[in-house]
Protein chains: 2
Amino acid sequence: PPRKAAPVENKLPCSLEELFSGSKRKMRISRNVLDPSGKTKNVEEILTIDIKPGWKKGTKITFPEKGHEQPNIIPSDLIFVIEEKPHGIYKRDGNDLVVNRRISLVDALAGTTISLPTLDGRTLTIPVTDVIKPGYEMVVPKEGMPIAKEPGNKGNLRIKFDVKFPSRLTAEQKSSLRQVLGE
Amino acid sequence: PPRKAAPVENKLPCSLEELFSGSKRKMRISRNVLDPSGKTKNVEEILTIDIKPGWKKGTKITFPEKGHEQPNIIPSDLIFVIEEKPHGIYKRDGNDLVVNRRISLVDALAGTTISLPTLDGRTLTIPVTDVIKPGYEMVVPKEGMPIAKEPGNKGNLRIKFDVKFPSRLTAEQKSSLRQVLGE
């Protein structure tokens, strides 16, 4: 039986937005094919990859036998491997999205509203009324990545808070704080 | 030449107080010795170990040939290896002493005074006037462990702060805080 050439892997870097909403990527490839007379010629082909919402890095898309044709050898499979491009705001953690947010001490104590752009172009407005302790993680359900195997379902959005303390306070501020926060 | 028995190691657990101030430890050992006629008899001996201020775990004190006597063999050396017992307040980090201190948010902001017992029985009183951010490390020079090789010199005391936030605040407290800390 004719042997088959080893598969060829290519990286396919995708933005989190693509992996969130899905996208169609057209890949132009160049390969050698054999015409009926056995002569080699180079052709270009367009392969379409249908990226599904929720795909993770490491997902492989295989185009069977799309490698170069050579006499007496089955052409290799052509494989694309999904990679995640770094995102400016979010990190992906499985099905969750994670974002770091630094807020002032006064907002951490007295409350604030967090605005975040979603990966599909909406704006989330999240009221914060609990006291935010440093390192506190707020979970916004179902605002994470789509789950590829559970259509319609999503992971969570996790907001990790860091609290920025004032560098110095006046004697008046200190004495007022002692009054307000009690001893 | 007669062979020598392999050395025997014993652990010598010491408190941080002993390693700070130094101490004399008397160790009672029991060993076989040969009398002039070649007969074995068991004797007890007291060995004195002079623990120097600043000794570290792993320091070895060797008593040459204090193992059991046997015919035609040089007795083994007897070795004591300093270990540090855990301390209720301090951890040792090289020549430094490290202590964790959890303070309230109001003390972190408005200032406080820290009292700490030293390993030689004094009480340190440390005024805190800077704003303490979570994870802040305050260094008190020369209140760490003695440095064995530099008599009179000491490492630092490092106080690591954790800030306890209030669990909840009233609407009045929140609005006062916004006034005091500004926007």
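The values are calculated or read from the model by the stated rules, or taken from the named source; none is laboratory data. Owing to the predicted nature of the structure, the values given are computational and were not obtained by experimental measurement. All Cβ positions, glycine included, derive from the backbone under ideal geometry; neighbour counts span all protein chains shown. Remember, those area values only see protein heavy atoms, side chains included, never the ligands or the DNA or RNA. Shrake-Rupley method; radii C 1.70, N 1.55, O 1.52, S 1.80 Å.
Relative to its residue count, the stretch A:6-46 spans a Cα convex hull of 95 Å³ per residue.
The residues of chain B have, on average, 58 Å² of accessible surface per residue, using a 1.4 Å probe with all protein chains present.
Buried between A and B is an accessible area of approximately 2500 Å², summed over both sides with a 1.4 Å probe.
Among rounded, prolate and oblate, which fits the stretch B:83-161 when a ≥ b ≥ c are the square roots of the eigenvalues of its C-alpha gyration tensor, a/c under 1.5 means rounded, and a/b larger than b/c means prolate?
prolate
Percent of alpha carbon pairs in the stretch A:41-84 separated by more than 17 Å? Walk me through the numbers before you get to the answer.
Working: 410 of 946 pairs.
Tail of P(r) above 17 Å: 43 percent of Cα pairs.
Dividing the summed -39500 (n - 2.57) terms of all DSSP H runs of n ≥ 4 by the residue count of chain B sets its mean residue ellipticity at 222 nm at -3500 deg cm²/dmol. What is the sum of charges, Lys and Arg at +1 and Asp and Glu at -1, for the other residues whose Cβ falls under 11 Å from the Cβ of residue A:24? Here the charged neighbours net out to +1. Compared with the dominant principal axis of the Cα atoms in chain A, helix A:171-181 is inclined by about 80°. Where in the stretch B:63-83 does the amide nitrogen come within less than 13 Å of the point 7 Å from the Cα of residue B:8, taken along Cα to Cβ? It comes to B:63-70, B:75-80, nothing else. The calculated P(r) of the protein assembly as shown, using every Cα pair and 10 Å bins from 0, goes 4, 15, 13, 13, 13, 13, 12, 11, 5, 1, 0 in percent.
For the stretch B:3-84, the Cβ-based charge dipole about the Cα centre amounts to some 100 debye (Lys, Arg positive; Asp, Glu negative; other atoms uncharged). Of B:145, B:138, the residue with the largest accessible area leads and the full order is B:138, B:145 (1.4 Å probe).
Computed from the C-alpha gyration tensor, the three semi-axes of the ellipsoid equivalent to the stretch B:3-84 are 29, 13, 8 Å, from longest to shortest.
The rotation axis bringing chain B onto chain A passes closest to the chain B residue reported with its distance as B:134, 2, by C-beta distance in whole Å. Values of log10 I(q)/I(0) for the stretch B:1-138 across q = 0.10, 0.12 Å⁻¹ run -0.54, -0.66, by the Debye formula with one identical scatterer at each alpha carbon and no solvent. Between copies, residue A:17 shows label-point distances of 6.7 nm, shortest first, with the point placed 7 angstrom from Cα along Cα to C-beta. What separates the Cα centres of the stretch A:32-47 and the stretch A:116-177 is a distance of 55 Å.
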